[in-house]
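K.L.:
I have a structure I would like to understand better, so I am pasting it below and will then ask my questions one at a time.
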Amino acid sequence: MKDFTRAFTFDSCWPPADSELNTTPRQISGLVFNREGELLALSRGDNDWVPQQGFEQRRITSDAVLVIDPGTGQVIRRWGANMFVMPHQITIDRQDNIWITDCGAHKLFKFSPKGELLFEIGGSELGLKLPTDLVAMDDGSIFVSDGYGNSRVLRLDAQGNLLYQWGTKGDGRGEFNLPHSIAADATGKIYVADRENHRIQIFNADGNLLDIWENMEQILTLRFSGNKLFALSNLAAEKGVVRQLSANGQLLTEFPTKPDGTAADFEWPHAMAINADCSHIYIGYTATGKRLQRFIRY
């Protein structure tokens, strides 16, 4: 009998063997679809983040953004060389502008849809310390999970000026222990992946706590596709899992990020993108995994 909870299966034929995604392994820390339906992958190039060792404080010399044809699995163009130290996540706003969070440089970068740098946000006035992710709102403002160093959420205006902030390190209500990802639904509610507290905290746009979903393991990435919320959990490949959650946090579907029966290295699932009709989910792996894989709804 078909398991309707485990509704996705590993696509072993994607990317194809001749794709540089296979021939040139690299850590993939972020994924997003643009308006054209192309898949943008955020690569760490030759500056690996190794567990318990960290990363080098230097700019990555290779192109950090790989634009991929999701049908063929081939890289069709690339950009972003000599710009980033440790790119952590990538997202897109309603105008198809591209935002990259660089936790190594303690900065946020905004690019045009063609990859032209529009501006960067950082500096002593904000005090970003290893930020992890951001979500852009319809009014141009952005919410930032300032995660490894500060354990807080910032709301910035469209020019990067601080509007307000909330959160301190802890395990109480509204506190964070490594806010690792952030997302927003169509109503403007803000979802924060409180990674080391193994939960998702939900706030309104003013930072008031609305709900907490507990027992979520280590939430690495939160992403919406339409009105559907997906959560990527767990750093270990053996336990990595993607879950689709209902509006009240109930489990709808789930699947492991390491295919059954494989001996290949799928360590540290970190990036996730879902296509428009939620039929394909793409997972990027960091640490030693250094791969990009696809799972398809069956």
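K.L.:
Considering only residues that are open to solvent by less than 40 Å² (accessible area, probe 1.4 Å), in a loop (DSSP other than H, G, I, E, B) and in contact with a Gly (Cβ under 6 Å, 6 or more places away or on another chain), which ones fall in region 101-129? So that I can check it myself, show each step before the final result.
P.N.:
So in region 101-129, the residues open to solvent by less than 40 Å² (accessible area, probe 1.4 Å) come out as 101-105, 108-112, 115, 121-122, 126-128.
Filter again for in a loop (DSSP other than H, G, I, E, B), leaving 103-105, 112, 115, 122, 126-128.
The one that is open to solvent by less than 40 Å² (accessible area, probe 1.4 Å), in a loop (DSSP other than H, G, I, E, B) and in contact with a Gly (Cβ under 6 Å, 6 or more places away or on another chain): 128.
K.L.:
Only one of these conditions is not met by residue 43: (1) under 19 Å from residue 291 (Cα atoms); (2) of a type in the set (Ser, Thr, Tyr); (3) surrounded by fewer than 17 Cβ atoms within 10 Å (Cβ to Cβ); (4) in contact (Cβ under 8 Å) with a residue 24 or more places away in the chain. Which number is it?
P.N.:
(3)
K.L.:
Something else: With respect to residue 49, is the statement that it is in contact (Cβ under 8 Å) with a residue 60 or more places away in the chain and open to solvent by 10 Å² or more (accessible area, probe 1.4 Å) true?
P.N.:
Values: in contact (Cβ under 8 Å) with a residue 60 or more places away in the chain: yes; open to solvent by 10 Å² or more (accessible area, probe 1.4 Å): yes.
Taking the combined requirement at face value, the residue satisfies it.
K.L.:
Can you report the number of residues in region 130-146 which are of a type in the set (Asp, Glu) and buried (at least 23 other Cβ atoms within 10 Å of the Cβ)?
P.N.:
The first filter runs over region 130-146 and keeps only residues of a type in the set (Asp, Glu), leaving 133, 138-139, 146.
After this cut, where a residue has to be buried (at least 23 other Cβ atoms within 10 Å of the Cβ) as well, the list is 133, 146.
The qualifying residues number 2.
K.L.:
Across region 24-78, what is the total count of residues that are in contact with a helix residue (DSSP H, G or I) (Cβ under 8 Å, 6 or more places away or on another chain) and part of a loop (DSSP other than H, G, I, E, B)?
P.N.:
The total comes to 1.
K.L.:
With (1) in contact with an Asp or Glu (Cβ under 9 Å, 6 or more places away or on another chain); (2) among the small types (Gly, Ala, Ser); (3) open to solvent by 20 Å² or more (accessible area, probe 1.4 Å) as the list, and residue 71 as the residue in question, which single condition is left unmet?
P.N.:
(1)
K.L.:
Quick one: in region 134-163, of everything that is on the phi > 0 side of the Ramachandran plot and in contact with a strand residue (DSSP E or B) (Cβ under 7 Å, 6 or more places away or on another chain), which residue is modelled with the highest pLDDT?
P.N.:
151
K.L.:
Six or more apart or on different chains, Cβ atoms under 8 Å: show the pairs whose first residue is in region 76-102 and among the basic types (Lys, Arg) and whose second is part of a strand (DSSP E or B).
P.N.:
From region 76-102, the pairs are 77/67; 78/65; 78/66; 78/67; 94/136.
K.L.:
Of the conditions (1) farther than 21 Å from residue 180 by Cβ; (2) crowded, with 23+ Cβ neighbours inside 10 Å, residue 268 fails just one. Which one is it?
P.N.:
(1)
K.L.:
Follow-up. Out of region 161-183, which residues are small (Gly, Ala, Ser), surrounded by 19 or more Cβ atoms within 10 Å (Cβ to Cβ) and free of Cβ contacts under 8 Å to residues at least 60 places away in the same chain? If you could, list the steps in order and put the result at the bottom.
P.N.:
Here is the first cut: in region 161-183, the residues small (Gly, Ala, Ser) are 167, 170, 172, 174, 181, 183.
Still in the running and surrounded by 19 or more Cβ atoms within 10 Å (Cβ to Cβ): 167, 181, 183.
Residues satisfying the conditions are 167, 183.
The values are calculated or read from the model by the stated rules, or taken from the named source; none is laboratory data. In this text the structure is predicted, and so the values were computed from the model without any measurement. When we count neighbours, we look across all protein chains shown, and the Cβ atoms used for this are built from the backbone with ideal geometry, even at glycine. Heavy atoms of the whole protein, side chains included, go into the accessibility calculation; ligands, DNA and RNA do not. Shrake-Rupley method; radii C 1.70, N 1.55, O 1.52, S 1.80 Å.
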